[in-house]
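Scroll down for the structure; my scribbles are underneath it.
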Amino acid sequence: MITLYDCATAPSPRRARILLAEKGVAHETVQVDLRNGEQFGDAYRRVNPQCTVPALRTDEGVVLADNAAIAAWVEARFPEPPLMGVTPEEKAEIASWNWRMEFEGLLAIAEALRNSSPAMANRALPGAVDYPQIPELAARGLARVANFFAMLNDRLDGRDFVATDRFSIADITAVVAVDFARIVKLKPGEQHPHLLRWRAAMAERPSMSL
């Protein structure tokens, strides 16, 4: 059985949960308690030495330790419905927009959060190595998130999906980023009508409640 190492409160494993749900992939779930540092314990280090979630153990016993690897494997193993494109052009467009949702959205939010939260002192980056916070990066992260909302709103003007004319992994990453921004007290507003329309439409998909 496929096993997803998850944390119900974290954004990164939510991406994997939504992906598996959209594909209809049956799997077991193991919750990893990030709040209490379970990811640093010996038991989880044996699963994923990077000490991060999500991780996915395939039914052949291979452990995939990040969202990029999980998405690539799931798409190849369960090709329907296609979420990473069919034609070369679609694959390229989706890969590009998925990266932008990650870099300009998720990583900007993480930059703001991890460099300001007292609970993340010395944990400015995820993983097994401790890094100190840099307060100036928190302010930059907030500015980046505001620009992310504006960019995504412009992109969605007249469009139903982020990347191509069908739902894709780029929409999954974008939903998770938009929702995660609440952790730094930012959310789309009336100045983002296209973004709000798109997010309301995404909410109709059962996977988005995960």
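The values are calculated or read from the model by the stated rules, or taken from the named source; none is laboratory data. All values derive from a computational prediction rather than experimental measurement. A quick note on method: Cβ atoms are made from the backbone with ideal geometry, for glycine too, and the neighbour counts reach across all protein chains shown. Calculation scope for accessible area: heavy atoms of the full protein, side chains included, ligands and nucleic acids excluded. Shrake-Rupley method; radii C 1.70, N 1.55, O 1.52, S 1.80 Å.
Quick check on my filter: what residues within the range 101-119 are among the hydrophobic types (A, V, I, L, M, F, W, C) and open to solvent by less than 50 Å² (accessible area, probe 1.4 Å)? Give the derivation first.
Residues of the range 101-119 that are among the hydrophobic types (A, V, I, L, M, F, W, C), as a first pass: 101, 103, 106-110, 112-113, 119.
Passing the criteria: MET101, LEU106, ALA108, ILE109, ALA110, ALA112, LEU113.
Somewhere in the range 182-204, is a residue open to solvent by less than 20 Å² (accessible area, probe 1.4 Å), in a helix (DSSP H, G or I), under 20 Å from ALA16 (Cβ atoms) and in contact with a Leu (Cβ under 9 Å, 6 or more places away or on another chain)?
No: the range 182-204 contains no residue that is open to solvent by less than 20 Å² (accessible area, probe 1.4 Å), in a helix (DSSP H, G or I), under 20 Å from ALA16 (Cβ atoms) and in contact with a Leu (Cβ under 9 Å, 6 or more places away or on another chain).
Which condition number in (1) among the acidic types (Asp, Glu); (2) free of Cβ contacts under 8 Å to residues at least 40 places away in the same chain; (3) closer than 27 Å to LEU125 by Cβ is the one that GLU28 fails?
(3)
With respect to the numbered conditions (1) in contact with a helix residue (DSSP H, G or I) (Cβ under 7 Å, 6 or more places away or on another chain); (2) farther than 28 Å from PRO49 by Cβ; (3) of a type in the set (Ser, Thr, Tyr), which one is the sole condition not fulfilled by THR173?
With respect to (1) in contact with a helix residue (DSSP H, G or I) (Cβ under 7 Å, 6 or more places away or on another chain); (2) farther than 28 Å from PRO49 by Cβ; (3) of a type in the set (Ser, Thr, Tyr), THR173 is out only on (2).
Tell me which strands (runs of 3 or more DSSP E) are completely within the range 1-99 and hold 1 or more residues being among the acidic types (Asp, Glu), crowded, with 19+ Cβ neighbours inside 10 Å and touching a helix residue (DSSP H, G or I) at 6+ places or on another chain (Cβ under 8 Å), or say none if there are none.
Numbers: elements: 3-6, 28-31, 55-57.
Output list reads 3-6.
For the range 148-163, enumerate the residues that are among the aromatic types (Phe, Trp, Tyr) and part of a loop (DSSP other than H, G, I, E, B). So that I can check it myself, show each step before the final result.
Here is the first cut: in the range 148-163, the ones among the aromatic types (Phe, Trp, Tyr) are 148-149, 161.
Within the range 148-163, just PHE161 meets the criteria.
Just one of ALA128, ALA177 is buried (at least 19 other Cβ atoms within 10 Å of the Cβ) and either at pLDDT 95 or above or outside any helix (DSSP H, G or I) (or both); which is it? Steps first, answer last, please.
Values: ALA128 fails: buried (at least 19 other Cβ atoms within 10 Å of the Cβ).
One residue alone meets the criteria, ALA177.
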